[in-house]
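What follows is a short report on a single structure.
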């Protein structure tokens with residue numbers, strides 16, 4: 001009776017592990033499929049483009065603000081550092 005019990009336990013565990021491995025392999029194959037990799041690459045490139053665009057806009061705004069400050073200092077007589 002013990003052998004039958006442990007045999008069935010082993011069979012059940014083997015089946016459960018087999019199903020888990022098959023699901024993992026299927027998900028991994030789907031994730032690594034050329035189309036999935038291409039879509040992920042395109043999304044990453046789009047995210048980087050947005051970040052770069054935002055950084056450039058902020059830099060240009062900061063440069064314009066600083067230029068306005070410097071022009072204002074030069075326009076006012078006696079406001080220079082010297």
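Pairs of C-alpha atoms in the chain farther apart than 15 Å represent 79 percent of all such pairs.
Principal-axis analysis of the Cα atoms of the chain puts helix 2-31 at an angle of about 30° to the longest axis.
Based on DSSP H segments of at least four residues, each scored -39500 (n - 2.57), the chain has a per-residue ellipticity at 222 nm of -32000 deg cm²/dmol.
Applying 1/(1 + (r/R0)^6) with R0 = 35 Å to the Cβ-Cβ distance of residue 9 and residue 29 gives a FRET efficiency near 0.70. A straight chain from residue 40 to residue 71 at 0.36 nm per residue would run longer than the Cα-Cα distance by 6.5 nm. Against the chain, whose longest principal axis is taken from its Cα atoms, helix 34-75 shows a tilt of about 20°.
Only the coordinates and a few stated rules stand behind these numbers; no lab work does. Please read these numbers as outputs of a predicted model, since none were measured by experiment. Cβ sites come from the backbone with ideal geometry, for glycine too, and all protein chains shown count toward neighbours.
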